[in-house]
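For reference, the structure is listed below as structure tokens.
The values are calculated or read from the model by the stated rules, or taken from the named source; none is laboratory data. As the structure is a computational prediction, the values presented were derived from the model and not from experiment. Cβ placement follows ideal geometry from the backbone for every residue including glycine, while neighbour counts extend to all protein chains displayed.
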Protein chains: 6
Amino acid sequence: MGVVVQEIERASPETIKGLAACGVATVHEAQGRIGLLASYMRPIYPGACVGASAVTILAPPCDNWMVHVAIEQVEAGDILVLATTSPSDAGYFGDLLATSMQTRGGVGLIIDAGVRDIRDLTQMQFPVWSKAVCAQGTVKETLGSVNIPIVCAGTLINPGDVMIADDDGVCVVRREDAAEVLEKAQARLANEEEKRKLLASGELGLDMYEMRERLAQKGLKYV
Amino acid sequence: MGVVVQEIERASPETIKGLAACGVATVHEAQGRIGLLASYMRPIYPGACVGASAVTILAPPCDNWMVHVAIEQVEAGDILVLATTSPSDAGYFGDLLATSMQTRGGVGLIIDAGVRDIRDLTQMQFPVWSKAVCAQGTVKETLGSVNIPIVCAGTLINPGDVMIADDDGVCVVRREDAAEVLEKAQARLANEEEKRKLLASGELGLDMYEMRERLAQKGLKYV
Amino acid sequence: MGVVVQEIERASPETIKGLAACGVATVHEAQGRIGLLASYMRPIYPGACVGASAVTILAPPCDNWMVHVAIEQVEAGDILVLATTSPSDAGYFGDLLATSMQTRGGVGLIIDAGVRDIRDLTQMQFPVWSKAVCAQGTVKETLGSVNIPIVCAGTLINPGDVMIADDDGVCVVRREDAAEVLEKAQARLANEEEKRKLLASGELGLDMYEMRERLAQKGLKYV
Amino acid sequence: MGVVVQEIERASPETIKGLAACGVATVHEAQGRIGLLASYMRPIYPGACVGASAVTILAPPCDNWMVHVAIEQVEAGDILVLATTSPSDAGYFGDLLATSMQTRGGVGLIIDAGVRDIRDLTQMQFPVWSKAVCAQGTVKETLGSVNIPIVCAGTLINPGDVMIADDDGVCVVRREDAAEVLEKAQARLANEEEKRKLLASGELGLDMYEMRERLAQKGLKYV
Amino acid sequence: MGVVVQEIERASPETIKGLAACGVATVHEAQGRIGLLASYMRPIYPGACVGASAVTILAPPCDNWMVHVAIEQVEAGDILVLATTSPSDAGYFGDLLATSMQTRGGVGLIIDAGVRDIRDLTQMQFPVWSKAVCAQGTVKETLGSVNIPIVCAGTLINPGDVMIADDDGVCVVRREDAAEVLEKAQARLANEEEKRKLLASGELGLDMYEMRERLAQKGLKYV
Amino acid sequence: MGVVVQEIERASPETIKGLAACGVATVHEAQGRIGLLASYMRPIYPGACVGASAVTILAPPCDNWMVHVAIEQVEAGDILVLATTSPSDAGYFGDLLATSMQTRGGVGLIIDAGVRDIRDLTQMQFPVWSKAVCAQGTVKETLGSVNIPIVCAGTLINPGDVMIADDDGVCVVRREDAAEVLEKAQARLANEEEKRKLLASGELGLDMYEMRERLAQKGLKYV
């Protein structure tokens, strides 16, 4: 506890942008169905979609001191990712901190706890994915750490990992795998476009994916 | 397990349309306060209101194979209703399956599990009521069944039953009772319109429903 | 049980209006981080922000009889605040009751249970903060009380207390403290405006709040 | 609502006794992994294991009137199975009702709600599987039904179905399938005994179930 | 915040002892079905039954400083009752604090948070009713208050109120009502003893409580 | 996915034994209040206390194939630690698998999912810490991995890490830190013994920890 790592590596902006364009579901599938945060992480308003490098925070319950510490480490294109040392739904973050983030080029917040000032954040178009919306104020008494590996919403996040977040939730891509995952995700998207056309023309998934034989082998009975 | 029933009976389109126009709360009341699914079943976007015949799916956790099987059984005006054999919040359904559904005239999904591609489904105006929004990918390994009676979100659904779903949640009407329930629901609506006028004119429910005497008998004390 | 208190004191309309303009998070901070209801209390539509005097209801589970009794006690500028004697997510309140409330000048509902007719309530712009959205119908069989102190969503509410509710949730201010809390909340708002400008200009919270020395004393290490 | 079915069919006592001896997990497997109630249904004390015919109750929330009605329908070897029309954790049942049940030969209670007088029930060795332990008192105001099909803890129960309950939870067996399920369950038990010996001698499941080849085909890699 | 009230009134030891002998369910009924804490409050071991005067604590999340402050206020026959300012499941209390409590004659803990050292507490026969069992350590950084009114597990507790806790959960009795509630509870117990005998002799509740006529009036149908 | 790591390093048996003797709460404190699994992980019976090396499993929901694979990797003194790729409460493990584990010297199971055959496991004294008790049967269709780093109940576990589990829950100690943590834990125990004596003699924590001055500085007021 009480450590701030100041230098972290990040994926290239083009890779991050490309992954964000693919969206959470596609990226998650492209990397082998790993990396999703728990489904209780929900956006505070619909329609946001971001890709960004994680600046991680491990914070005590109901204590947002480390958020201030972390913002100094934020570069343009970064997103804060906060986990707590013990469960909390307190409101660690509001419009003042978002102002500071936006000034530094920070693009959002992923927090396994609460957030407040929802109306302001929505007007500022500062997206947040959180476990709770809660106005509960926090203290500044106990140290945590910044830019260490954390477990957020059930998933390991390393500082500098690529966070993809949209209406479907949040997915992490290891920084070192990001370029390869992007390639697979884009291939998947192209492939999905073809499938979409076939399905729109009336073809069934049963035929398109050639499922009928295997279903019969497994014993599926039509009555 | 492993059974697909291909022939199901459905209520008449007029009855279904009429019930949808009444909405979930009215239909639920009209049939004697039965048929509601658990309140954790929420729409992925506000404003949708559907009435449709249930094509039911019983699926293993995190396995959406049976959704493909079920879509072949969908006729225009049908809705998929999916229950799992063990709790899951995985994302069984996304925009490709919705494309296939819309092509066949299917009008939505009710799922006691997760759904993904929320932004696309919203743009397609393909309504879903679900327990979770979750991008978690699913496998195609284990059989379930299609068009058998299922328990979805705590309520028994038979294939061909009429599903009514709107911002208040989801209600099922037995296919064979649908016409009678519609009649009662419409009577209730008419009755409510009169009450609304009286209340808007300043009359109290206490007087309109003649509650004062019974309240006094029960012992209510004004101090 | 079975008591209706007909005379309650209220804070001044100007004080209530002033508190509402400050919003939940600011009011909660201004009064020393107390008074928040549990974070599961969510608005049925975004954007509503109300300040109002509490008319309290203690109701049995799945029984909304006392809501009718309470509405007679509502004056312009009041809000209903309902707690149950045992947990329930039933739909105690819908568009008819909202019509009656609006006719009397009532401005909303805060309910540690369920609400229904969401679409109508949204169109009427009748705001509700609730634990659940649920169409489940209720009975009128068992007495509760009106305008007694209640515990709603984990927080004590006295009749006549000032309720502030917005997208961040719900906060209660004791009626007798309302004027003083308003003063503090407005001072806080002014202070926040200055901070916002500093942060927007690039100053860090670490410097603005002079945190660096205390962080070092606590042992924070930069690596 | 408001119906009491007085004549129900039951499985033979020998079949029920046989199923109880097999236990929940074995019976559940023997009938194809169906029939389990949700895992939140827990026994109030460890070690109980019952098999019994279901006398079903559909009751309003926090209203135990129908329990009194149901007890008149109980015969020796029956168990009460209670579902609510809307979620409740109230204490529907305590030591007085248990006394009445034991006098009639009733052997327990399965309740998707709360129970109280835990210490007395434990001393009486009257087993209960419930969603909650809660002393909350109930009223006697609203009708429900007795011996109609109900959904209890997510599973359909018909009156006269065989309930098996032990430390692993609760499983229902359709009355008409009970004899056949017993046969399969006993075969399974015999089979498990052999497996237990093999495993105790050091043989691995990988070999005993001949899994290695299929694992390799699926692509499992040892590193 | 930051207040310790040193003088509180307590009910007489005889009254408290008498209420404990009646148990939670009876006391709750005797005082009109009020005063129960939420059903998630569970004992750490079965069989404990206490009656004690509340020394109340309002503590920050994950900060047990105020427990030390509160223990100084404990007299023989007191029980600590702890609520948090924001939800927490941290382990505020363990065997050292229990040692200190027992030395002062304190008889237990009721905590809307977590507790640890379960095995030691069980061996010491120091009963605890809690929301969670959790080893998470706490800090000593932020003030709370001692012996102010608190809301614990959804129920208002004043310092000096009588807490009754057993396997059924926890119930509070207002100090000033304690003697009267005891009288009613004892009457109830006597009455229950008669009922128990009648029920054990085979009489049905339907007859003993003379329910048949009212059930018929409500429309109950036997088929 | 689909990887089995066959060689893992383990801490020394003496270190592991020593840590187990300290218990979860002490070990958690000794290593700086880290490493706890979520508090929903509960033992299936009271009184068990184990220290063991983790053989980790990442398994699909409702699919226990990898448990069989993992058991081959178990050495004497190991414990299985299972996380799922998507939430599940199914019963992955029962008495047959426990027989196989005990034969190989395996000492228990920590599972962020369900377990069954509770009565048998209790009789075998095979301890399990789990999220649920559930008889739901599982399939053997989809690969997972064995002995890779996993996130179990919100905490990162590496294969070979030391798991300490008792009535307070579960704590992980990094294998490479185990000896150092043991030293600190034992020092802490010795220190606690002194404190226990002081507290038992009537000394207050307020004095023993010299808290009074700092409380006064923070502004605590006695009234």
*Given the structure, is D:Thr26 buried (at least 20 other Cβ atoms within 10 Å of the Cβ), within 13 Å of another protein chain (Cβ to nearest Cβ) and β-branched (Val, Ile, Thr)?*
yes
_Out of the residues in the range C:55-68 meeting the condition of being over 19 Å from B:Lys221 (Cβ atoms) and facing another protein chain (nearest Cβ under 7 Å), tell me which one is surrounded by the most Cβ atoms within 10 Å (Cβ to Cβ)._
C:Cys62
*Of all strands (runs of 3 or more DSSP E) completely enclosed by the range F:104-173, which ones contain at least 2 residues that are within 22 Å of D:Leu199 (Cα to Cα)?*
F:109-115
*What are the residues in the range A:138-149 that are within 14 Å of chain E (Cβ to nearest Cβ) and β-branched (Val, Ile, Thr), if any?*
A:Thr138, A:Val139, A:Thr142
*In the range E:69-96, which residues are in a loop (DSSP other than H, G, I, E, B), within 20 Å of A:Pro61 (Cβ to Cβ) and either more than 14 Å from chain A (Cβ to nearest Cβ) or touching a strand residue (DSSP E or B) at 6+ places or on another chain (Cβ under 7 Å) (or both)?*
E:Thr85, E:Ser88, E:Asp89, E:Ala90, E:Tyr92, E:Phe93, E:Gly94
*Taking C:Ala135 as meeting all but one of (1) under 10 Å from C:Val27 (Cβ atoms); (2) within 14 Å of chain D (Cβ to nearest Cβ), write down the number of the exception.*
(1)
*Being among the β-branched types (Val, Ile, Thr) and out of contact with any strand residue (DSSP E or B) (no Cβ under 8 Å at 6 or more places or on another chain) is the filter here, so list the residues in the range F:97-107 that pass it.*
F:Thr99, F:Thr103
*Run down E:Leu37, E:Leu19 and say which single residue is of a type in the set (A, V, I, L, M, F, W, C), at pLDDT 95 or above and touching a helix residue (DSSP H, G or I) at 6+ places or on another chain (Cβ under 6 Å).*
E:Leu19
_Step by step: first the residues of the range D:177-205, then only those that are exposed (fewer than 14 other Cβ atoms within 10 Å of the Cβ) and more than 13 Å from chain F (Cβ to nearest Cβ), then the one that is farthest from the chain's Cα centre (by Cα). Which residue is that?_
D:Ala190
_Filter pass, A:Tyr45 being aromatic (Phe, Trp, Tyr), on the phi < 0 side of the Ramachandran plot and crowded, with 24+ Cβ neighbours inside 10 Å_ = no
*Just give me the residues in the range C:70-82 being crowded, with 24+ Cβ neighbours inside 10 Å and either touching a His at 6+ places or on another chain (Cβ under 7 Å) or of a type outside the set (Asp, Glu) (or both), in sequence order.*
C:Ala70, C:Ile79, C:Leu80, C:Val81, C:Leu82
_Evaluation of C:Ser145 against (1) among the small types (Gly, Ala, Ser); (2) farther than 24 Å from E:Ile157 by Cα; (3) in contact (Cβ under 8 Å) with a residue 12 or more places away in the chain; (4) surrounded by 16 or more Cβ atoms within 10 Å (Cβ to Cβ) (one fails), failing number_ = (2)
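Yes/no matrix, rows are residues, columns are (1) buried (at least 22 other Cβ atoms within 10 Å of the Cβ); (2) within 11 Å of another protein chain (Cβ to nearest Cβ); (3) modelled with pLDDT under 95; (4) within 18 Å of the chain's Cα centre (by Cα):
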site	(1), (2), (3), (4)
D:Ala98	yes, yes, no, yes
D:Arg119	no, yes, no, no
D:Gln123	no, yes, no, no
D:Ser130	yes, yes, no, yes
D:Val151	no, yes, no, yes
D:Asp166	yes, yes, no, yes
*Checking A:Thr103 against (1) touching a Lys or Arg at 6+ places or on another chain (Cβ under 6 Å); (2) more than 14 Å from chain E (Cβ to nearest Cβ), the condition it does not meet*: (1)
*Tell me, which residue of the range B:100-117 that is of a type in the set (S, T, N, Q) and surrounded by fewer than 21 Cβ atoms within 10 Å (Cβ to Cβ) is nearest to B:Gly169 (Cα to Cα)?*
B:Gln102
*Set F:Ala135, F:Ala216, F:Ala190, F:Ala200: member being at pLDDT below 95, on the phi < 0 side of the Ramachandran plot and not aromatic (Phe, Trp, Tyr)*: F:Ala190
_If the requirement is being in contact with a Cys (Cβ under 8 Å, 6 or more places away or on another chain) and over 23 Å from A:Ser86 (Cβ atoms), which of these qualifies: E:Ser39, E:Ser53, E:Ser88?_
E:Ser39
*Does A:Glu213 qualify as being more than 12 Å from chain B (Cβ to nearest Cβ), surrounded by fewer than 16 Cβ atoms within 10 Å (Cβ to Cβ) and either under 19 Å from A:Ile16 (Cβ atoms) or of a type in the set (S, T, N, Q) (or both)?*
no
*In the range E:29-54, the residues that are within 14 Å of chain D (Cβ to nearest Cβ), within 13 Å of the chain's Cα centre (by Cα) and not aliphatic (A, V, I, L, M)*: E:Gly35, E:Ser39, E:Tyr40, E:Arg42, E:Pro43, E:Cys49
_Subset of the range F:174-192 [outside any helix (DSSP H, G or I) and of a type in the set (A, V, I, L, M)]_ = none
_Selected residue (only one of A:Leu97, A:Leu80 is over 17 Å from C:Glu192 (Cβ atoms) and among the aliphatic types (A, V, I, L, M))_ = A:Leu80
*What number of residues within the range C:10-48 satisfy the criterion of being in contact (Cβ under 8 Å) with a residue 40 or more places away in the chain, assigned to a helix (DSSP H, G or I) and farther than 29 Å from C:Arg119 by Cβ?*
10
*Matching residues, the range B:195-223, being in a helix (DSSP H, G or I) and within 26 Å of B:Gly35 (Cα to Cα)*: B:Lys195, B:Arg196
